[in-house]
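Taken together, the values in this text are just the output of simple stated rules run on the coordinates, not laboratory data. Everything numeric in this text was worked out from a predicted model, so none of it was measured. Glycine gets a Cβ as well: all are built from the backbone with ideal geometry, and neighbour counts include every protein chain shown.
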Amino acid sequence: MANYYGAWRTNSFRVKSEAKFLEWFQGIDGSAEVRDEGDGYRSIFQSSSSDDGSIPTHKLVQAHGLFDSEHVNMDIYSDISEHLRKGEVAVFMEVGHEKLRYLCGYAVAVRSDGKIITVSIDDIYDKIKTEWGMVADEIGG
């Protein structure tokens with residue numbers, strides 16, 4: 001069995017409140033950092049290797065005491081939409097592989113109103129079928 005190795009980052013986006021955004025960001029996967037891109041723009045990127053390199057789905061929160069914390073599930077896309085300035089879009093992109101046998105890549109665009117668009121590199125097979133009338137078996141997919 002092989003391990004999955006991924007990498008991810010976002011585009012640059014503006015937030016409503018820098019302080020509230022950074023407070024929300026506290027506790028998210030320790031391998032992620034917020035970068036100041038200038039002119040009020042921020043981006044989030046993977047700064048080091050986490051367990052699998054995937055976009056974080058858990059957050060470390062203080063549970064019962066100063067040194068007692070636990071991981072809780074989070075929906076990073078829904079959460080970040082609440083921090084985006086009106087009209088802003090945060091795009092999360094992840095690419096990865098498992099022994100180079102399986103390659104994956106996808107992007108999730110999150111608008112400030114919470115609407116989401118998702119695209120995967122596997123969508124190419126649907127486009128081939130739609131645009132050219134071929135199926136995956138005919139092209140080795």
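To the nearest 500 deg cm²/dmol, what mean residue ellipticity at 222 nm is calculated for the chain from DSSP H runs of n ≥ 4 alone, each contributing -39,500 (n - 2.57), summed and divided by the residues?
That comes out to -5000 deg cm²/dmol.
Sequence gap at least 6, Cα distance under 8 Å: using those rules, report the relative contact order of segment 4-139 to the nearest whole percent.
Reported as a whole number, the value is 24 percent.
Within the P(r) computed for the chain, what percentage of the Cα pairs occupies the region above 28 Å?
Counting pairs separated by more than 28 Å, the tail of P(r) holds 30 percent.
Sorted from fewest to most neighbouring beta carbons within 10 Å, what does the list ARG85, ARG14 look like?
Exposure proxy ranking, most exposed first: ARG85, ARG14.
Treating the beta-carbon of each Lys and Arg as +1 and of each Asp and Glu as -1, no other charges, what is the dipole magnitude of the chain about its Cα centre, to the nearest 20 debye? Don't skip to the answer; put the middle values down first.
Details: 15 positive and 24 negative charges, 75 e Å.
So the magnitude is around 360 debye.
Once the dipole of segment 4-139 is set up with Lys and Arg at +1 and Asp and Glu at -1 on Cβ about the Cα centre, which of TYR4, ILE28, LEU103 lies farthest towards its positive end?
Of the options given, the answer is ILE28.
Are any of the pairs LYS86/LYS127; LYS20/LYS86; LYS16/LYS86 more than 20 Å apart by Cα-Cα distance, and if so, which?
Values: LYS86/LYS127 32 Å; LYS20/LYS86 16 Å; LYS16/LYS86 8 Å.
Flagged as over cut-off: LYS86/LYS127.
Taking the number of other C-beta atoms within 10 Å as the exposure measure, put ILE44, ILE80 in order starting with the fewest.
ILE80, ILE44
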